[in-house]
Every structure is written in structure tokens, then in C-alpha cells.
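Here the structure comes first, spelled out in C-alpha cells, and everything after it is commentary.
Only the coordinates and a few stated rules stand behind these numbers; no lab work does. Owing to the predicted nature of the structure, the values given are computational and were not obtained by experimental measurement. Note that we place each Cβ from the backbone using ideal geometry, even for glycine, and neighbour counts take in every protein chain shown.
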Amino acid sequence: MNAITDLARALPASADVPATPLFGLPGQTPHERVLLVTDAASGLKAIVAVHSTARGPAFGGCRLWHYADDLAALTDALRLAQGMSFKNALAGLPFGGGKAVIVRPEGSFDRESLFAAFGRAVQSLGGRYITAEDVGTTTDDMRVVRRETPHVSGLPRDGGAFGGDPSPKTAWGVFVAIDAALREHLDRVSVEGATVAVQGLGAVGMHLAAHLHAAGAKLVVADVNAARVDEAVTRFGATALSPEAIVAADVDVLAPCALGAVLNALSVPRVRAKIVCGAANNQLAQPEDGDALHARGVLYLPDYLVNAGGIVSVAREHLGQGDEQSVMREVSTIGERVVELLERVRREGRAPGRVADDWARERLASRL
């Protein structure tokens, strides 16, 4: 491996660089460690961000994505890692928060060599960071990583032991969160008859749509992949919209399940849903966008609260604890945390995002 460099040492003290986040997000607690990794042989360019190990080793998936530039990749890693700290804390898991992003090489590349190099980078951290699959990565990729390091999860296990793709658990957690929000915020008896717009029909979004359809919800769907949209229309009787138009759909629930920053200064005024609750990470471009939704009477449920089913799954797999039934029961407690968050919001009169952030920080500080 050609370079494994702490970000703090990546630039000379005299370097003329713009005011960008290097050690953490503006106004937030600095990350404990940020690692830059390159490997010329495989084409690997990766960033591993460790936000906190206060509760245990940093745990969070690995994303493979095209980024506009290296700064965009760094910012994504920092935001995702902090979100994992908050997610693991609120889920009561004995782990801190971290995340890895791999800048997808241009053109063709040897995927096995790329993830082997990434596995060596994870191993270099000596267990401070545990990885798993995320957007753009698969269980097969994690099998390659496992050859280089034991600090990886989300792998099918021999002998029928619990493990594997966590996306169905993520989808179930979002479903129970939507159910709780409809009951608490809109006084509905159940999901049946509610209209839900699912933006993004990947591994999580399609599973979520299936749960919603089975419960009697009316679906509106969108994805950049037309085949996935056609599948949802055929399987669930869904109404199709473009990814841009679905943000303004007149529905009970908007469920962003694609990439982040879908809620921003331009899109927030267009939101007509009464509830926003989805699986995508970092749905708010800025915390102020959550404030703006709250001011308009739209309930935004923080992504790191509702999409924790996947990390619960890979965490229990890594710890060798539980089985399918016990893990599903644990994921279902996300609904209870939604109810608790709404009770805190009512008491404090603040936007849910602000309340949830402080709640997570309390958990990080107490390590409970």
C-alpha cells in the first residue's frame, strides 16, 4: 500500500488551503481520527473517518461512490461517521461511530484488488474501526475484506448462524418508524390507507415498499433506474413519479431512501408530506433545513434514529449474539424510540433533529 496517512499530517502547516473541514464538521465535536488511504496497484482512494470510540470501536459501513472531488468525499465521510456515532448511541449498541468512503475509480477496475487493499487499510487501524457494506458495496465485497481483516461484518455465516445483508433490517426499522409516526403524529390507527412516497428503490427502498404494500399503504415511487420503478408499479400497484417531483408529492409520508441532502433550501419549501421518514443517510443538507420543516409543521424523523436496523443487524452478527427473531425484535424497538423522541419534542418545543442530536450526545457522554 503506497500511503496510509493520518489526515492531520496530510498537508504541511504552510499549505494554502481553503477553509474546509479537516478534523470534523463545522461547529461539531472533532473526529478522533481521519485516515487517507491510496493504493496505486488497485486504484484505491479511500477515507476512513472515526468520529468516536467513547462507546466502543467505531462501527459503520463502507460506501463506494463517484464524487465530484476529494473534498466532497471527505465531507461525506465526516458526516456519515458522525451520524453513525449518533445512530449507535441511540440504538444502545456498544460501539462508536465511523464510516469509510471509497472514491470509485474511473473506467474498469479490479474490484477484488480494490477491496483487498481497503481491507488492509481497515486492518491497519487495529480494531478501532469495523466495516460492513453500504451504498455501492456488497456482501461479496465484504468477503474480500474479510481475507485481510477480522474487523468486518455483514457476511453470511456458515451453519445457519445469523448474519448477511443488513438492508432488510434497515427497511423494517424504517417501516416501524413510519407506523409509529402515523399513529403519534397523525392519529392514524395503522399504516393501512396511508399514502407513502418512496424515493429510491434500491436494496432498502424496495424492501420498505414491500412492507408498506403488505400493510395496505398506497405507494408513490421514484428511482433513477426505470426497471426498478416498473417493478414497483407491477408488484405494488404504485404510482410512478420522477425523483425530482416526488419530493413535492401530496402524501402522508415522504420516505427518502436514496442519497443524502435531498432536504435543502430549494426542496424544503416544496415538501407537502406531513411526515418525512426514510432510510437515506444525511437527508438534511444543513441542520437548519430540519428547523425549516418543523416551522412548516412537517415532522422530520432523523435518519440515524429510524434507519438503525442495519447496524443493529451487523453489530449483533459481529458480536455473535442473537438470531433472526431476536434481532428483528430489537430492530422493532425503533418504533418505541420514535415515540420517545416525539414526547421530548412536545416537551421542549424544538425541531426533532435538534432534540435527537442532543439526545444522542447525552448517550455518547454517559456511554450508556
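Of all DSSP beta bridges located in region 3-155, what percent are antiparallel, nearest 5? Antiparallel bridges: around 65 percent, rounded to the nearest 5.
Provide Glu184, Glu330, Glu340 in ascending order of the number of other Cβ atoms located within 10 Å of each residue's Cβ, fewest first. Kindly include the intermediate steps, with their values, before the conclusion.
Details: Glu184 18, Glu330 22, Glu340 14.
Least to most surrounded, the residues fall as Glu340, Glu184, Glu330.
The phi-based Karplus calculation (6.51 cos²θ - 1.76 cosθ + 1.60; θ = phi - 60°) puts the 3J(HN,Hα) values of region 29-45 at 4, x, 6, 5, 7, 10, 10, 9, 10, 10, 8, 5, 4, 9, x, 5, 10 Hz, whole numbers, x for Gly and Pro.
Highest average first, the peptides 191-199, 223-231 ordered by how many other beta carbon atoms sit within 10 Å of their residues are 191-199, 223-231.
Would you order Ser167, Ser332, Ser313 from fewest to most other beta-carbon atoms within 10 Å of each residue's own beta-carbon?
Details: Ser167 22, Ser332 15, Ser313 30.
Fewest-to-most ranking of Ser167, Ser332, Ser313: Ser332, Ser167, Ser313.
Report the percentage of all Cα-Cα pairs in region 3-155 whose separation exceeds 18 Å, rounded to a whole percent.
54 percent
Given axes a ≥ b ≥ c from the Cα gyration tensor, I'd like to know whether region 175-292 is rounded (a/c under 1.5), prolate (a/b larger than b/c) or oblate. Judged from the Cα gyration tensor, region 175-292 comes out oblate (a/c at least 1.5, b/c at or above a/b). Relative to the dominant Cα principal axis of the chain, helix 309-319 is inclined by about 40°. Going from the fewest other Cβ atoms within 10 Å to the most, the residues Met206, Met84, Met142 appear in the order Met206, Met142, Met84.
Segment Arg183..Arg147, full-extension length gain: 8.4 nm, with 0.36 nm per residue of separation and the alpha-carbon distance subtracted. Computed about its Cα centre, the charge dipole of region 3-155 is approximately 480 debye, with only Lys, Arg, Asp and Glu carrying charge at their Cβ. Between amide H atoms placed 1.01 Å from N, distances below 5 Å from Val220 occur with Val196, Ala197, Val198, Thr239, all of them 5 or more places distant or on a separate chain. Of all DSSP-defined beta bridges confined to the chain, some 40% are antiparallel rather than parallel. For the chain, what is the mean residue ellipticity at 222 nm derived from helices alone (per DSSP H run of n ≥ 4: -39500 (n - 2.57); sum divided by total residues; nearest 500 deg cm²/dmol)? It lands at -13000 deg cm²/dmol. The average projected area of the chain, computed from the convex hull of its Cα atoms over all directions, is 18.2 nm².
The separation of region 217-266 from region 279-325, counted between C-alpha centres, amounts to 18 Å.
Angle of helix 139-148 to the longest C-alpha principal axis of the chain, folded into 0 to 90 degrees and rounded to 10: 30°. A cut-off under 9 angstrom between Cβ atoms defines the neighbours of Gly97, and their net charge, with Lys, Arg +1 and Asp, Glu -1, is +3.
Count the net charge of all other residues whose Cβ sits under 11 Å from the Cβ of Pro302, scoring Lys and Arg as +1 and Asp and Glu as -1.
Numbers: positive: Lys87, Arg337, Arg354; negative: Asp303, Asp357.
For residues surrounding Pro302, the net value is +1.
What angle, in degrees between 0 and 90 and rounded to the nearest 10, separates the Cα long axis of helix 203-214 from the longest principal axis of the Cα atoms of the chain? Computed tilt is about 20 degrees.
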